[in-house]
């Protein structure tokens, strides 16, 4: 993620100023669907591997597009938001020079609303992550974050016309949304209430899974959970700089509001955990949607320890905080894993303050302090 594919040996994933991979987009309406196909072409002379995560090669499992029309500049993404295991080699796909690979047809109506007829513009907005074939063959899975490179592809867009948009509205399933708290009300430390999280409900899952998840869920609202984390927030302390970067006071207040929104949401909403989500894959830990009252916990969730015993370790607790930042604050997945999240804090603090994994890691570090 010639000379275009050369890698630095500094051990830091970094942005490339070149464009080794190009994207093209084709969209068309078919009845009550808007189908788009994405093509990825390696324009260098050497072979490389492209990470499937957060690309249409895996379907709509994250936000990587900007959809707009003449009236709305950014139609919100309403699809699932996935927490994953760190990528392995199997999560990359080989791109040979000038031999494009294509995504399956992506139905935009599964994750976006089309409020009226007319012309729409779709733009690809996500960084791509890649690694050279030579380096891929010489490293282990746990070295992938160090040697991968990322770059923002040249603006790729597609224009298409939608007719009979009312068909899309009828075909969309209604989702029960959580009560979204106006977090701007919570500015002072004295605003942290002491009530407990409401007891969650479960779909599927055995007795052990339910007991463990209930205990972790309840602990989020305990004095050692969100309240302790909120009180700890100070843009000058080490942990804050490690995960959120060097920011201004206003930004620190935003981080606090996001944690506060999760705390107050969990005290007013009954959350449902589903242990057999239909969208689970082998690399999927959990997924949810913004505003949803349901969190899907996948088999990979069971493989994680209950709590993080070291800084930056993935755990069940970290996963729940990650998911609730999606639910109540509409955070995104700009980076996964402690290595990339810490780099994100250094290179782009604004993205770090909108990154779900970052909220999980900071929470766990403070919880265990």
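The values are calculated or read from the model by the stated rules, or taken from the named source; none is laboratory data. Just so it is clear, the model here is predicted, and its values are computed rather than measured. No Cβ is skipped: glycine too gets one built from the backbone with ideal geometry, and neighbour counts run over all protein chains shown.
State whether one or more residues within the range 315-326 are surrounded by fewer than 22 Cβ atoms within 10 Å (Cβ to Cβ) and either in the same structural domain as residue 78 (by the TED database) or closer than 23 Å to residue 251 by Cα (or both). Among the residues of the range 315-326, not one is surrounded by fewer than 22 Cβ atoms within 10 Å (Cβ to Cβ) and either in the same structural domain as residue 78 (by the TED database) or closer than 23 Å to residue 251 by Cα (or both), which makes the answer no. Applying the set (1) in a loop (DSSP other than H, G, I, E, B); (2) surrounded by 19 or more Cβ atoms within 10 Å (Cβ to Cβ); (3) out of contact with any helix residue (DSSP H, G or I) (no Cβ under 7 Å at 6 or more places or on another chain) to residue 308 leaves exactly one unmet item: (3).
Tell me yes or no: at least one residue of the range 338-347 is surrounded by fewer than 21 Cβ atoms within 10 Å (Cβ to Cβ) and on the phi > 0 side of the Ramachandran plot. Checking the range 338-347: not a single residue is surrounded by fewer than 21 Cβ atoms within 10 Å (Cβ to Cβ) and on the phi > 0 side of the Ramachandran plot.
Screening residue 244 against (1) more than 23 Å from residue 85 (Cβ to Cβ); (2) over 18 Å from the mean Cα position of the chain (by Cα); (3) crowded, with 18+ Cβ neighbours inside 10 Å leaves a single unmet condition, (2). Just one of the numbered conditions (1) at pLDDT 95 or above; (2) surrounded by fewer than 24 Cβ atoms within 10 Å (Cβ to Cβ); (3) within 16 Å of residue 83 (Cβ to Cβ) is not true of residue 366: (3). Collect the residues in the range 182-222 that are modelled with pLDDT under 55 and within 22 Å of residue 319 (Cα to Cα), keeping them in residue-number order. 183 - this is the single residue of the range 182-222 that is modelled with pLDDT under 55 and within 22 Å of residue 319 (Cα to Cα). Note on the range 152-165: among residues that are surrounded by 12 or more Cβ atoms within 10 Å (Cβ to Cβ) and at pLDDT below 90, the one that is farthest from the chain's Cα centre (by Cα) is 165. Screening residue 46 on (1) part of a strand (DSSP E or B); (2) closer than 22 Å to residue 139 by Cβ shows it passes everything except condition (1). Taken over the range 104-125, the criterion of being in a loop (DSSP other than H, G, I, E, B) and under 15 Å from residue 158 (Cα atoms) is satisfied by 105, 125. On the stretch given as the range 129-145, residues that are farther than 26 Å from residue 65 by Cα and touching a helix residue (DSSP H, G or I) at 6+ places or on another chain (Cβ under 7 Å) total 4. If you take the residues in the range 282-294 that are over 14 Å from the mean Cα position of the chain (by Cα) and closer than 18 Å to residue 77 by Cβ, which one is surrounded by the most Cβ atoms within 10 Å (Cβ to Cβ)? Among them, the one singled out is 292.
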